[in-house]
Amino acid sequence: MNTKLPSGYTARPATLDDVDALVALFNEQSMAMIGVVTDESEEVRSYFQRPGYSLAEDTLMIADACGKPVGFADLSDTTEPHVHLYSFGVVHPEHCGRGLGGYLVDWIIARGCRGLVRAPEGARVTMVQMVPSQDAAGAKLLESRGFHYERSSYLMRITMDDAPAAPQLPAGITIRPIHMETEFEQAVRTIRTSFKDHFGFVEEPFEQSLERWRYFTSSDPHFDPKVWYLALDDGEIAGVCYCSPHTEEDPEMAWVNTLGVRREWRGRGIGYALLRTAFVEFYRRGFRKVGLGVDAESLTGATRLYRKAGMDVMREYLNFEYELRAGVELATRALAR
């Protein structure tokens, strides 16, 4: 690392005992930046304990003289092959401009470099960090350390003043909730297959995907299989829409975590029907808003689909990329023909 920790601060890995204080830090920063709270302790605790993640190796927390967390960074390098990593960093608004952000970014880069031994020989290794479009200082800091802007992501939302109409199902397609006991594994396979055309997708061992999905569905206190929809064509899963009846920032907003349609079934309106099915159910439950995240330049045209369904951009995030090692690109960058 090239920077020194400013006087009056200490740095160490985070622990589970720090969760509540870190959530307070995250929410104070997000309130200052985008005007909403974005995190809750249960979700952060689950994130910290997910398979392949090490608090001791993958996190750094900065505390002030009173021991209060005022800065945090982590690097997510939990999937094989280790070629497409995700970093995160935050500094308390009252402690910005003191060099803490630079210290955290330098740690992130150093941590990424330490993990290069895990990546396949000859493969390109990159790290992505996302910042709100309002965070000009954060973007400038990342660029000063060698990150470059790659593309944007949107949070999109629909506000439903009236009950949405039931979707028109494509010929031969039925939509219903998942049967977890018998269809969970195939649903995960469908998600993997449909997301092969997503920018940044990297093929990982299936058992690793399955373990991660099992962990998050079992540890999520808001998980509800009744809003994990499957689109079926003669019994075969053509698409999935995995939703959650909860968002921390808005009790009136439900969330679409994952929406994907296998390539062979695209262009038939299945994604649109899945999305509208979720809208109908959430309205029935009393929600008046539904949100989701999407690549602003989606290779499959997902952004156009969501606009067609009545969704608008709620927030924009800027995705910055840092190349840890040049080499053969294993992540999806364009649609295969």
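The values are calculated or read from the model by the stated rules, or taken from the named source; none is laboratory data. All of these numbers come straight from a predicted model, not from anything done at the bench. Cβ atoms come from the backbone with ideal geometry, glycine included; neighbour counts cover every protein chain shown.
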Matching entry among Ile191, Ile178 (being touching a Gly at 6+ places or on another chain (Cβ under 9 Å), surrounded by 17 or more Cβ atoms within 10 Å (Cβ to Cβ) and touching a residue at least 40 places away in the same chain (Cβ under 8 Å)): Ile191
The stretch 47-75 - residue that is outside any loop (DSSP other than H, G, I, E, B) and either among the small types (Gly, Ala, Ser) or touching a Cys at 6+ places or on another chain (Cβ under 6 Å) (or both) and, of those, farthest from Leu100 (Cα to Cα): Ala56
Residue that is surrounded by the most Cβ atoms within 10 Å (Cβ to Cβ) [pool: residues in the stretch 207-238 that are in a strand (DSSP E or B) and among the charged types (D, E, K, R)]: Asp233
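When you check Thr332 against the structure, is it in a loop (DSSP other than H, G, I, E, B) and surrounded by 18 or more Cβ atoms within 10 Å (Cβ to Cβ), yes or no?
Numbers: in a loop (DSSP other than H, G, I, E, B): yes; surrounded by 18 or more Cβ atoms within 10 Å (Cβ to Cβ): yes.
Against the criterion (in a loop (DSSP other than H, G, I, E, B) and surrounded by 18 or more Cβ atoms within 10 Å (Cβ to Cβ)), Thr332 qualifies.
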Criterion violated by Lys140 - all others in (1) in a helix (DSSP H, G or I); (2) touching a strand residue (DSSP E or B) at 6+ places or on another chain (Cβ under 8 Å); (3) not assigned by TED's automatic domain parsing to the domain that holds Ala24 satisfied: (2)
One residue from Thr258, Thr277 being within 24 Å of Val128 (Cβ to Cβ) and either crowded, with 19+ Cβ neighbours inside 10 Å or in the same structural domain as Arg189 (by TED's automatic domain parsing) (or both): Thr258
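Out of Pro170, Pro132, report the one residue that is in the same structural domain as Arg266 (by TED's automatic domain parsing) and touching a residue at least 40 places away in the same chain (Cβ under 8 Å). Walk me through it before giving the result.
On the way: Pro132 fails: in the same structural domain as Arg266 (by TED's automatic domain parsing).
From the options Pro170, Pro132, the qualifying one is Pro170.
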Set Glu57, Glu143, Glu121: member being touching a residue at least 40 places away in the same chain (Cβ under 8 Å) and either over 22 Å from Phe320 (Cα atoms) or of a type in the set (S, T, N, Q) (or both): Glu57
Conditions (1) over 25 Å from Ser298 (Cα atoms); (2) free of Cβ contacts under 8 Å to residues at least 24 places away in the same chain; (3) in contact with a helix residue (DSSP H, G or I) (Cβ under 8 Å, 6 or more places away or on another chain): number failed by Phe206: (1)
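Return the only residue of Phe199, Phe195 being closer than 26 Å to Gly267 by Cα and part of a helix (DSSP H, G or I).
Numbers: Phe199 fails: part of a helix (DSSP H, G or I).
Result of the check over Phe199, Phe195: Phe195.
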